[in-house]
Amino acid sequence: MKIGLLTSGGDCAGLNAVMRGFGKTIYTLDKGAELYGITDGYAGLVNGEWRKMDRDEFSGILTLGGTILGTSRLPYKKLITEGADKIDAMKANYKKMGLDALVVLGGNGTHKTAALLSKEGLNVVGLPKTIDNDIWGTDMTFGFYSAVDVATECIDRLATTAASHRRTMVIEIMGNKTGWLTLYAGVAAGADVILIPEIPFDLDKVVEAVAKRTERKKAFCIVAAAEGAIDKREAALDKKERERRKAAAGGLNASARIAAAVSERLQNETRVVVPGHIQRGGGPSPLDRALCTEMGVYAARLVYEKRFGVTVATTGGALTANRLADIAGKTKFVPAEHELVRAARSVGVSFGD
Ligand code: F6P
């Protein structure tokens, strides 16, 4: 079998670990297997950039961060609006390489394109990558555990300096549409206020929660706000109007606005910290290494058994395959009544609502 591999969209820890699991397994299952690494995601498939990957390439990369193939974003919307050109180019290169299957590691955007290619007749298998953990149909995406570890450590470190200076620290955690990472890291590090896009906040309530906390003996406060946290008034607007207003107000995310309000209304010394892409960098955590290995191996079995048009998922601790057509275009949001949200509320965390 000839198989193409690509990593697409924003990177995360664990991409190489998944490819290792896949490569080692497929080379064992299929003695005649040939693997081709496609450079920089779908861009490499459009532009015809790939290289042969021997078995050796899949050794020594379990703990390596980033992706040995490179990645890029090729938005789905552009694929559509620019006509069938790019899809045609991908189909032509798939044929030119003589592929029997294409394995794509990526997030929601990657899966949309994967579903499209599958509909066009290509044999595609997906693997769910993202620090956002927001792919529909899987309990866990790889890269998430590692990012939770990094974000948690960032908050732990902020807590000690916040306590020394009696400050309020607002940490902005990645996650534009969904708040899984902020929720898990926030709870794990004992944040006092957790703000996620799925639970719009009321600024007065956030300031109130900070005041309640700083008035007590422990006169410091940690606010963990997702990149995409929004207040209730913004949430009531349509997306375009929301973006227009945000741009007009200097493009500031909620974290900056919250810090300004806390410092102005409570005269509390406040700092904003944005760890940003540090949350995506570095090697995978032990839990991710295990998950990546399981998922990569499972994908190899799917390909070997010619079960195409699917993506790997975990549900209730077991590995499974979801149809690309069923999950593409959907987002797994944090349910407002999620067990961890309820647990956080029980221990006194404010969601600013
Ligand atoms: O999807 C992963 C993610 O890290 C989001 O949490 C974040 O909003 C976005 O990617 C950042 O993207 P970029 O790499 O383009 O800055």
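The values are calculated or read from the model by the stated rules, or taken from the named source; none is laboratory data. The model shown is predicted, which means the values in this text are computed figures rather than measured ones. Counting neighbours? That spans all protein chains shown, and the Cβs are built from the backbone with ideal geometry, glycine included. Side chains included, ligands, DNA and RNA excluded: accessible areas come from the protein's heavy atoms. Shrake-Rupley method; radii C 1.70, N 1.55, O 1.52, S 1.80 Å.
Under the combined filter of DSSP loop state and at most 16 neighbouring Cβ atoms within 10 Å, the stretch 114-182 retains these GluC sites (Glu not before Pro): E120.
Beyond 21 Å, the tail of the calculated P(r) for the stretch 261-353 holds 64 percent of the Cα pairs. As a calculated quantity, the FRET efficiency between K212 and R271 at R0 = 22 Å, using C-beta atoms, amounts to about 0.65.
If you bin all the Cα-Cα distances of the chain at 20 Å, starting from zero, the percentages per bin are 30, 50, 19, 1.
Heavy-atom accessible surface of the stretch 1-118, averaged per residue, reaches 39 Å², computed with a 1.4 Å probe. Rank I171, I87, I194 by mean-square fluctuation in a GNM of the chain with C-alpha springs under 10 angstrom and give only the top-ranked residue. Judging by the Gaussian network model, the answer is I87. Normalised per residue, the accessible area of the stretch 162-209 is 32 Å², obtained with a 1.4 Å probe and no contribution from ligands, DNA or RNA. The calculated Kirkwood hydrodynamic radius for the stretch 180-337 is 18.9 Å, given to one decimal from all distinct C-alpha pairs.
Can you tell me how the stretch 46-116 classifies by the Cα gyration tensor, rounded, prolate or oblate, using a/c under 1.5 as the rounded cut? It is oblate, given that a/c is not under 1.5 and a/b is not larger than b/c. Scanning the chain for long hydrophobic helices, with DSSP H runs required to stretch 30 angstrom or more by C-alpha along their axis and to average at least 0.0 on the Kyte-Doolittle scale, returns 144-165. Peptides 22-32, 123-133 ranked from most to least packed, by the mean per-residue count of other Cβ atoms within 10 Å: 123-133, 22-32.
Projected label points at L287 and A325, each 7 Å from Cα along the beta carbon direction, are separated by 3.5 nanometres.
Length gained on full extension, D30 to T315, computed as 0.36 nm times the residue gap minus the Cα-Cα distance: 99.8 nm.
Of the DSSP beta bridges with both residues in the stretch 20-160, give the percent that are antiparallel, rounding to the nearest 5. If we restrict to bridges inside the stretch 20-160, about 40 percent are antiparallel. Computing the accessible area with a 1.4 Å probe over protein heavy atoms, can you report the carbon and sulfur percentage for the stretch 223-335? It is 53 percent, rounded to a whole number. Sparsely packed loop sites in the stretch 229-323 (the GluC sites (Glu not before Pro) outside DSSP H, G, I, E and B with at most 11 other Cβ atoms within 10 Å) comprise E305.
Solvent-accessible area of the stretch 1-135 (1.4 angstrom probe, protein heavy atoms only): carbon and sulfur portion equals 48 percent.
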